[in-house]
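To keep things clear, I will list the structure first and then write my remarks on it.
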Amino acid sequence: MGLTLRDHVKRYQPGFREIFGLGIVLLVTSFPGWTPDAEAIPPFARKYKVNCNVCHVRWPRLNAFGEQFLENGYQMPGTRDGGLVGKVRLGDVTLDDVSNYIGFLFDVEPLTHSTMRRDVPGAEDQTELANVNLLRMFTAGTLTEDVGFLMDITSLFGQSSDFELGRAFVSFNNLGGMNWGHLRVGRIDPSAYFSLATDRPQFFPVGPKIGSPFGPFGPSIQRWSTLFGSAAASKFYGIFDRNMAPIFPISPTLYNSTVEAGIDLHGRPFGDWFLYQIGILNGGEERWGDTNNSKDWYVMTRFDYAQSDYFSANLSGFAYFGNHNAKVLSGADVSRSRYGVGARIRYRWLDLYGSYTIDRITDLPNGMAATFDDTATGVTIEAHAIVTDRLLLGTGFNHMDAGGELSQRKSATFLSFQARYYLRSNIALQIRNDVNLRDAEGGTSPARNLRNQVVTNVAFAF
Amino acid sequence: MKRPFRILITSLGFLWALGSSLSVYATTLSEIDVSGGALIYERSCLVCHGIDGHGDGPAAFYNSAYSASRPRDFTVGNYKYRSTPSGELPTDQDIFRVITNGIPGAMPSFGGLPESARWKVVAYLKAFSQDATGKKPETVTLPEPAIPTSSASVAQGRSVYLALDCHSCHGVDGRGRVGLTRAKELIDSRNLPMPPSDLTLAGSFKIGPSARDIVRTLFTGLDGTPMPSYANQLHGQEVDAWHLANYILSLSPSN
C-alpha cells in the first residue's frame, strides 16, 4: 500500500508541532557542538563506524557500495556479518547494541513561497512557515547472520494524524549461496533496487496543497508540485482504492510505491552484472490487512557495469501486473499495471538517472471507454553534481501524460532546481525551486495554476 | 490470483534450483583456486578499490573526492597503516588487521568474512604490487617499556610536540586547523588535499587509539600522506615518543 496523497497532506495550519519542530532544528543547527560526531550518524554508520558517504552519493541516494549493502540485507557486500557486528556479548548471551539499530529522520520546511497564476480565481500567492515535512523513526539491522530487518514509523508531509507504520519487513539473505537470493517479507518498498528508487529522492519531495470542500472525487488539490517524480506517480484521475478513498495522480504507487505489503526476492546469481527481482504484492492500497484476493506481481531485471575509474552505470526494466487493485467511481474493480525502464550513470561528481513508465488500466466497466483514458505515461530525469564536499546542485524534469476521467485529467510538466548544502554529512540545508512549464495553457487545474514554488528545507538524520 | 501465484512459485523454484547447482560449482572452483581472493575481492572490495586496485572503484569518489581518507591504490604499494618502517611494505598482519577492523570513518570492518577468506584477500592484495611479492617486511621496534601517562609525561610530550614541529600541521591546540597556504601544501600521493587530523577527536586515530598505536605511527609515518616518520628525529630519544603519545591522547578526553 502506498501512502496516498491524502495520507501525505493536510491543509496547512501552523501548529505547535511545526513551530516546535522548527525550534528544534534551529537549536540543533545553531549549536554544532550539540550535533553528533561524523561517526555518530544513523544506525548503519554508527554500527560500522563509517561516514555517511561510504554508502551514499550524498545522503539519501545510495552509491554503488550502498546499493550492494542494501541488496545484501544490511550486511557488508560479500559477507554474512550480521552475526558479529553491532552485538554485545554478555557471557554466553549475545545482545544487540540498540543504539546501533535506531535512527531518526527529520525534515522541516522553514519557508515556502508559491507563486500562482494571476488569472485563476481565488488563487493567491502564499508564503508558509515551518511546515514539518517528515518525521520518521526507524530501526534496522541484522538479527543474526543473513537475517535482516527494517521497520519505520513515519509522519509525512505535515499529516495531522498520528505516526503510521511504513516499511516493516524481515529479510532472509543469501539463500542458496552468496548473492543468489534475498527474500523480503512484510511491508516493503518494491523499487528499492530499481535504477530510480522511490524512497531515496535527492530532490526532497514537496507535498501538494489540499483544499476544501470535498468534491465528488475527494478533497480537491489546490496546487501540486512534484512529489516523488512523475514516473513513480499514479497518473490517473478518478480512481480509488478499495475503500473508495481517492488515489491522487501524483501519489507514488504500484512498483514505485513507498510501501506495500508483499514478498520480494532478488539476487545476483550470475555475478555483479545482473540483478533479478520478482515479487507478489497486495497492490490494493490498503493500510492494513489484505482484502484483495487478486494479488499483483512484478518482475524487474537490472544490468550493471561498475568496475573502476569512479564510474558505474545500470539499466533496468520492470513489468508490474495489477489485478483488481483499484476502483472507479461506480465502485467497479479495475486493474492497474505498469511497465517501466530506468537508467543511472555515476561518474565522479555526476549522478544522472531517469525513468519512464507506462501505466495501463484494464477491466474498465462497459461504457467508460468514452470518458476514461486507460493509458498514462510519466518520465522523470534528474541530474546532480557534487560541486564541493558539502554542496550538491541538481536539476530535474518531470512530465506526466495523465490518464483517467477525461473531464478532470490534466497533464503536468515541471522543471526543478535544487541546491543542497551539507553542514555535516547528515545535516542538509536545501532550497528547491519548481517551475510549472505548462501554466500558460490556462485552466484552474492544480496542475496548471501554480507558476513557481520555492521551498527551503532543513533535513537531518541521526 | 491463482495464475500469478503459480508463476511466482515456479520462478522461485527455478531460481532456487539454479542457485543450488551453481553453489556446487562455486565450491569446487574455490577449492581449485587456492588463493580464492579474487572472487572475494570482487564482491567485497572492488566497489571502492577498483578492479585493478587503483583505489578508483565506482563508490570511491563519494567518500574521498574532496577529503581523506581515500581508498588505497594497492598498485603503488604505499600503505598508510603499517608496522614497518616508512617506505617499506606492510606485513601480512597489517593488511589483515585493517580488513578485519576497518578504518574508523572510512572503511567498514570486514570481520564478517571468515578468517580464511580475509587471508585470501591479503594474498590477493599483495599481488597488485610487484614489489609486494617476495619480500619479508620487518616491523619497527618500539621503545620499551611504555611510559604510563602522568602530568609530567604530558608536559614533556607537549615540549616534544612543539620541538618536532607537529603544530605546523596539527595546530598548537591539536585541532588540525591550519591556514590556507599551509593547507594547500598538505597533499597526498595523488596530489589531492589531505587535511591534518584533528587530534582532539578520538575517531582521528585510524590505526588505533592506544598510546602504543600512536607511538607506532610516529615511527612508521603514514606513507602516501604528509605525515612522515619521526624515527630519525627521535633517534637516541625514543622514549620521547611515549611522552608525545601521552600528550596527544590528553587532547581527546574521550580517550
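Residues being acidic (Asp, Glu) and surrounded by fewer than 19 Cβ atoms within 10 Å (Cβ to Cβ): count how many of those fall in the range B:231-255. Full working, then the answer.
Keep residues of the range B:231-255 that are acidic (Asp, Glu), which gives B:238, B:240.
Applying the additional criterion that residues be surrounded by fewer than 19 Cβ atoms within 10 Å (Cβ to Cβ) yields B:238.
Result for the range B:231-255: 1.
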Checklist entry - Would you say A:Asp152 is within 15 Å of A:Phe44 (Cβ to Cβ), open to solvent by less than 50 Å² (accessible area, probe 1.4 Å) and among the charged types (D, E, K, R)? => result yes
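Considering the range B:160-194 alone, what residues qualify as being polar (S, T, N, Q) and free of Cβ contacts under 8 Å to residues at least 40 places away in the same chain?
Selection gives B:Ser168, B:Thr181, B:Asn191.
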Next on the checklist: Please go through the range B:162-211 and give me each residue that is more than 22 Å from B:Gly224 (Cβ to Cβ), open to solvent by less than 50 Å² (accessible area, probe 1.4 Å) and more than 24 Å from the chain's Cα centre (by Cα), ordered by number.
Outcome noted: B:Gly179
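Between A:Gly284, A:Gly271, A:Gly262, which is part of a loop (DSSP other than H, G, I, E, B), within 14 Å of chain B (Cβ to nearest Cβ) and open to solvent by less than 20 Å² (accessible area, probe 1.4 Å)? Quick ask: steps written out before the conclusion?
Values: A:Gly271 fails: open to solvent by less than 20 Å² (accessible area, probe 1.4 Å); A:Gly262 fails: part of a loop (DSSP other than H, G, I, E, B).
So the residue among A:Gly284, A:Gly271, A:Gly262 that is part of a loop (DSSP other than H, G, I, E, B), within 14 Å of chain B (Cβ to nearest Cβ) and open to solvent by less than 20 Å² (accessible area, probe 1.4 Å) is A:Gly284.
Considering only residues that are part of a strand (DSSP E or B) and either free of Cβ contacts under 8 Å to residues at least 24 places away in the same chain or within 30 Å of A:Gly442 (Cβ to Cβ) (or both), which ones fall in the range A:102-148? Break it down stepwise before answering.
Narrowing the range A:102-148 to residues part of a strand (DSSP E or B): A:102-116, A:126-144, A:147-148.
Residues satisfying the conditions are A:Glu109, A:Leu111, A:Thr112, A:His113, A:Ser114, A:Thr115, A:Met116, A:Gln126, A:Thr127, A:Glu128, A:Asn131.
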Checklist outcome for this item: Filter the range A:290-305 for residues that are at pLDDT below 95 and more than 9 Å from chain B (Cβ to nearest Cβ); the one that is surrounded by the most Cβ atoms within 10 Å (Cβ to Cβ) is A:Asp290
Next on the checklist: One residue is enough: does the range B:140-152 have a residue meeting the conditions charged (D, E, K, R) and either outside the structural domain of B:Gly55 (by TED's automatic domain parsing) or open to solvent by less than 30 Å² (accessible area, probe 1.4 Å) (or both)?
Outcome noted: yes
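Across the range A:24-69, which residue is nearest to A:Phe149 (Cα to Cα) among those that are more than 11 Å from every other protein chain (Cβ to nearest Cβ) and modelled with pLDDT of 50 or more?
First pass over the range A:24-69, keeping only residues more than 11 Å from every other protein chain (Cβ to nearest Cβ): A:24-36, A:42-43, A:46, A:60.
Of the ones still in play, those that are also modelled with pLDDT of 50 or more are A:42-43, A:46, A:60.
Numbers: A:Pro42: 15, A:Pro43: 12, A:Arg46: 17, A:Pro60: 19 Å.
Per the stated criteria, the residue is A:Pro43.
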Checklist entry - Does A:Gly317 meet the test of being surrounded by fewer than 22 Cβ atoms within 10 Å (Cβ to Cβ) and either within 12 Å of chain B (Cβ to nearest Cβ) or in a strand (DSSP E or B) (or both)? => result yes
Item to check | Matching residues, the range A:70-96, being surrounded by 21 or more Cβ atoms within 10 Å (Cβ to Cβ) and at the interface with chain B (Cβ under 7 Å from one of its Cβ atoms) | outcome: A:Gln75, A:Met76, A:Pro77, A:Gly78, A:Thr79, A:Arg80, A:Asp81, A:Val85
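Can you tell me which of B:Pro85, B:Pro58 is in a loop (DSSP other than H, G, I, E, B), modelled with pLDDT of 90 or more and surrounded by 24 or more Cβ atoms within 10 Å (Cβ to Cβ)?
Going through B:Pro85, B:Pro58 in turn, just one is in a loop (DSSP other than H, G, I, E, B), modelled with pLDDT of 90 or more and surrounded by 24 or more Cβ atoms within 10 Å (Cβ to Cβ): B:Pro58.
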Next on the checklist: I'm trying to understand the selection: among the residues of the range A:337-351, which are of a type outside the set (Phe, Trp, Tyr) and within 14 Å of chain B (Cβ to nearest Cβ)?
Outcome noted: A:Ser337, A:Arg344, A:Ile345, A:Arg346, A:Arg348, A:Leu350, A:Asp351
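The values are calculated or read from the model by the stated rules, or taken from the named source; none is laboratory data. Since we're looking at a predicted model, the values are computed, not measured. Virtual Cβ from ideal backbone geometry, glycine too; neighbours counted across all protein chains shown. Areas reflect the complete protein model, heavy atoms only, side chains present, ligands, DNA and RNA absent. Shrake-Rupley method; radii C 1.70, N 1.55, O 1.52, S 1.80 Å.
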